[in-house]
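Structure first, then comments.
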Amino acid sequence: MLLDPKPKSKGADLFSRGEELKELLSSLRDNPITVITGIRRVGKSSLMRVAIAETEQDSIMIDVRRIYSDSSGSIGKADLSYAIQGELEKKLRKERIKTLLSKVKGVSFMGNSVTFDWNDVTLSSILEKLNDHPKPFIIAFDEAQYFRYYGNRGGKSIQNLIAWSYDSLANIRFLLTGSEVGLIHDFIGTDDYKNPLHGRYIYELVLKPFSKDTSIEFLKAAFAENKMQVPLEEVIEAQNHLDGIAGHLVQYGLNRLKRSHDEALSETFRTARILFVNELKELEKRSPRYRKALEFIASGATNFTAILRSFQASGDYASKSRVADALRILERSSWVNNEYGRYSIIDRVLAELIRN
Ligand code: ADP
Ligand code: MG
């Protein structure tokens, strides 16, 4: 079902991401840490879930936002431990996982349920045993930016755990994705030498919006699936306004099933803008410079010199390297595209929002 508002988890529902899926599966075999980056609603969770469903490697997947929302404003070790326990429990049918876990001190079994005595069990002891798995074992965290609420040091202890695993456990693979600003700026911003992950190689899979043609094909396929005839001009116009973010296209498609083209389009715009307004707020919290850089780019400053001059003209005499840093973060977190030194805002809805 292409027009499902939830992340896809079956390969058959994942539209036109064959290359990215192959790239991800191969990174999960080879790299200790893989991060999927990409703008909100572009399809990161979908790609993660389908990869987890299709890989031959064993895995667990945890939505960190869910643990956060069940907790009381900060995630404790117990919250994370129980989430991991729950996920591992689902895998106990696999004898090899049961065997590995049975070697962890403090773990006992009753049929297909497992009890962890958390006075004895540590996350690192679990990882150590999973590391003995014949194939690299995947630990996937969606919405990983919520780890900044883990413990009392802004998620440092999780970063330390991942860094330790990177250094010591050859057979553990971390897969992270989540909201772009939080994840890149706060969690894996590896340029910061105080970050425990500093200096570790992280494979970044950058998920781009669909091309124009793919977006149109997507909408056509989605309407065909719903046995609905929608004139091609409308589909083209929708793509023209909404660009290639899968989530926007799904939203338009769902709206269009019930409403006229014009209504569906404006409704989709409204929801897309709300999402971006919230994300822009997150961005500004990190630094007002990000927002300014986006404004300069949206209003036509498309190369580095022009952006730097715009900063100066606005009274902000940030150094070259500071501006370059800000642009790098914006690029890595998929707010802007940089092609051969020409900057552009990644999405048309976003560009319009920033300009106004
Ligand atoms: P993200 O995690 O980047 O915010 P999601 O994976 O939640 O994005 O996807 C947003 C919406 O778009 C969901 O409705 C999802 O089903 C849909 N979607 C994303 N990528 C695809 C795809 N390749 N094929 C079909 N639907 C997709
Ligand atoms: Mg997601």
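For this structure, a couple of remarks:
- First in segment 73-94 and without any contact (Cβ under 8 Å) to a residue 40 or more places away in the chain and within 12 Å of D58 (Cα to Cα), second anywhere and in a helix (DSSP H, G or I) and of a type in the set (V, I, T), Cβ under 9 Å, 6 or more apart: L88/I97; L88/I126; K91/I97
- Residues in segment 31-62 that are touching a residue at least 60 places away in the same chain (Cβ under 8 Å) and away from ligand 2 (no atom under 16 Å from the Cβ): 9 in all.
- Filtered residue count, segment 1-20, keeping only those that are open to solvent by 60 Å² or more (accessible area, probe 1.4 Å), out of contact with any Asp or Glu (no Cβ under 8 Å at 6 or more places or on another chain) and more than 16 Å from ligand 2 (Cβ to nearest atom): 3
- Scanning segment 70-87 for residues that are open to solvent by 80 Å² or more (accessible area, probe 1.4 Å) and either under 21 Å from the mean Cα position of the chain (by Cα) or closer than 12 Å to Y146 by Cα (or both) yields a single hit, D70.
- Some residue of segment 114-130 being over 22 Å from G151 (Cα atoms), part of a loop (DSSP other than H, G, I, E, B) and open to solvent by less than 50 Å² (accessible area, probe 1.4 Å): no
- Residue count, segment 136-164 (criterion: farther than 15 Å from L123 by Cα and open to solvent by 10 Å² or more (accessible area, probe 1.4 Å)): 9
- Residue, most open to solvent (accessible area, probe 1.4 Å), within segment 179-207, restricted to residues that are in contact with a Gly (Cβ under 7 Å, 6 or more places away or on another chain) and closer than 21 Å to G18 by Cα: V206
- When residues in segment 208-227 are screened for being in contact (Cβ under 8 Å) with a residue 24 or more places away in the chain, open to solvent by 50 Å² or more (accessible area, probe 1.4 Å) and under 19 Å from H261 (Cβ atoms), 4 of them pass.
- Residue in segment 341-352 that is of a type in the set (D, E), more than 21 Å from I188 (Cα to Cα), modelled with pLDDT of 95 or more and open to solvent by 10 Å² or more (accessible area, probe 1.4 Å) present: no
- Screening I162, I139 for residues that are within 21 Å of the chain's Cα centre (by Cα), assigned to a helix (DSSP H, G or I) and under 17 Å from L28 (Cα atoms) leaves exactly one candidate, I162.
- Scope segment 294-317; condition in a helix (DSSP H, G or I), in contact with a helix residue (DSSP H, G or I) (Cβ under 8 Å, 6 or more places away or on another chain) and either open to solvent by 20 Å² or more (accessible area, probe 1.4 Å) or over 18 Å from L353 (Cβ atoms) (or both); matching residues: E295, F296, F304, A306, I307, L308, S310, F311
- Residues located in segment 216-231, provided they are small (G, A, S) and within 15 Å of A264 (Cβ to Cβ): A222
- Residues that are part of a helix (DSSP H, G or I), among the charged types (D, E, K, R) and under 20 Å from the mean Cα position of the chain (by Cα), drawn from segment 318-347: R328, E331, R332
- Any chance S26 is hydroxyl-bearing (S, T, Y) and crowded, with 19+ Cβ neighbours inside 10 Å: no
- Filtered residues of segment 165-178 (kept if surrounded by 20 or more Cβ atoms within 10 Å (Cβ to Cβ) and either of a type outside the set (V, I, T) or within 16 Å of ligand 1 (Cβ to nearest atom) (or both)): S165, Y166, R173, F174, L175, L176, T177, G178
- Odd one out for K90, checked against (1) away from ligand 2 (no atom under 16 Å from the Cβ); (2) of a type in the set (K, R); (3) open to solvent by less than 30 Å² (accessible area, probe 1.4 Å): (3)
- Boolean, S74 is within 29 Å of S124 (Cβ to Cβ), hydroxyl-bearing (S, T, Y) and in contact with a strand residue (DSSP E or B) (Cβ under 9 Å, 6 or more places away or on another chain): yes
The values are calculated or read from the model by the stated rules, or taken from the named source; none is laboratory data. Please read all numbers here as calculations on a predicted model, not as lab measurements. Neighbour counts run over all protein chains shown; Cβ positions are idealised from the backbone, glycine included. For accessibility, only protein heavy atoms count, side chains too; no ligands or nucleic acids. Shrake-Rupley method; radii C 1.70, N 1.55, O 1.52, S 1.80 Å.
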